[in-house]
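We did not get these values from a lab; they are worked out from the coordinates using the rules stated. Model, not experiment: these values are computed from the prediction. Glycine also receives a Cβ, built like all others from the backbone with ideal geometry; neighbour counts cover every protein chain displayed.
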Amino acid sequence: AEAALWDNVECNRHMLSRYINPAKLTPYLRQCKVIDEQDEDEVLNAPMLPSKINRAGRLLDILHTKGQRGYVVFLESLEFYYPELYKLVTGKE
């Protein structure tokens, strides 16, 4: 079931990467303890991630390794900051 959850994210990966600003989501994700300081630092400051799209993609990769909780908290953050992307991924209002 967990893999199926991420399928919705993966098939919308291009859109998500394009529109998400990782810096907007990482404080919430850290507060919920889904990512740690190291994860956040890598996503926001890694020299090999020159663009926002690269950084957003990396954030999705990291979240993917956090299992169902990563998915749930990621969706909460989307619902809060990017309601239109939340709708895209979940099909829910």
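Look through region 59-93, keep the residues that are among the hydroxyl-bearing types (Ser, Thr, Tyr) and in contact (Cβ under 8 Å) with a residue 24 or more places away in the chain, and return whichever of them is farthest from ASP7 (Cα to Cα).
Applying the filter and picking the extreme gives TYR81.
Could you go through region 36-46 and let me know if any residue there is among the hydrophobic types (A, V, I, L, M, F, W, C) and in contact (Cβ under 8 Å) with a residue 40 or more places away in the chain.
Taking every residue of region 36-46 in turn, none turns out to be among the hydrophobic types (A, V, I, L, M, F, W, C) and in contact (Cβ under 8 Å) with a residue 40 or more places away in the chain.
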